[in-house]
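Colleague: Before we start, here is the structure in question, set down as structure tokens.
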Amino acid sequence: DGARVGILGRTQADLDTAVERLKAKGASDAAGFVCDIGKQEDVDRAFAAIAARWPHINTLVNAAGGEVVGEFEQLTDDDWMESVNLSAMGAVRCVRAALPLMRKAEWARIVNFSAHSIKRQSPGLIAYTASKAMMASISKNLSLTLAPENILVNTVLPGSFASPALKKWAAGNGIDPDDLHAIM
């Protein structure tokens, strides 16, 4: 619908594909920025490039999710930290970097993806679910903090997608990843 869209991702090839799809769907301008949101220096570099391209940001969508799978006693501290770093801290880094550009806009919105699994637990996804619950809490607090500046913050709790992480989980639990559509 004529929006300017910037997307962050780890691989240029995936970004190029997404940018072409966005342009085909009517984005007036679209650009991909290589970035690992688990690394502060990548986020800083990406948002500096965004600021150089566009004067402000109206909407920030944080939709990253982790791939840490395993039951409680199988997970190491590093597994837990990886999940929190991507699913929660990645969004924190992006919000922090985006706020100066959002404050330049007439209106601004932040949409943070959590997960429906925070309402129904799954032992094999304990680290993922905990980090997504953290994302929901961060969102609620940000909504209170940023409301006086007219920056609206919402949390979305989508259902399951046949993502690489979910396919990996299915395969590890004796489920044919090609049959995920039947159980979702």
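The values are calculated or read from the model by the stated rules, or taken from the named source; none is laboratory data. Just so we're clear, the structure is a prediction, and the values are computed from it rather than from any experiment. Every residue, glycine among them, receives a Cβ derived from its backbone with ideal geometry; neighbour counts consider all protein chains shown. Ligands, DNA and RNA are excluded from the accessible area calculation, which covers all protein heavy atoms including side chains. Shrake-Rupley method; radii C 1.70, N 1.55, O 1.52, S 1.80 Å.
Colleague: So Asp178 clears everything in (1) in contact (Cβ under 8 Å) with a residue 12 or more places away in the chain; (2) open to solvent by 20 Å² or more (accessible area, probe 1.4 Å) except one condition, right? Which one?
Modeller: Answer for Asp178: the failing condition is (1).
Colleague: Could you please find all residues in region 141-160 being assigned to a helix (DSSP H, G or I) and either in contact (Cβ under 8 Å) with a residue 40 or more places away in the chain or under 19 Å from Asn58 (Cα atoms) (or both)?
Modeller: Hits for region 141-160 are Leu142, Ser143, Leu144, Thr145, Leu146, Ala147, Pro148, Glu149.
Colleague: If I ask for residues that are out of contact with any Gly (no Cβ under 8 Å at 6 or more places or on another chain) and either of a type in the set (Ser, Thr, Tyr) or assigned to a strand (DSSP E or B) (or both), which ones from region 114-140 would you list?
Modeller: Ser114, Ser117, Ser122, Leu125, Thr129, Ser137, Ser139
Colleague: Search region 41-63 for residues being surrounded by fewer than 21 Cβ atoms within 10 Å (Cβ to Cβ), in contact (Cβ under 8 Å) with a residue 24 or more places away in the chain and aliphatic (A, V, I, L, M), and hand back the single one that is nearest to Pro100 (Cα to Cα).
Modeller: Checked region 41-63; the qualifying residue nearest to Pro100 (Cα to Cα) is Ala51.
Colleague: Condition first: of a type in the set (A, V, I, L, M) and within 18 Å of the chain's Cα centre (by Cα). Now tell me which residues in region 31-55 satisfy that.
Modeller: If the condition is that a residue be of a type in the set (A, V, I, L, M) and within 18 Å of the chain's Cα centre (by Cα), then Ala31, Val34, Ile37, Val43, Ala46, Ile50 are the ones that fit.
Colleague: Identify all residues within region 8-40 that are among the aliphatic types (A, V, I, L, M) and more than 13 Å from Ala98 (Cβ to Cβ); write none if there are none.
Modeller: Ala13, Leu15, Ala18, Val19, Leu22, Ala24, Ala27, Ala30, Ala31, Val34
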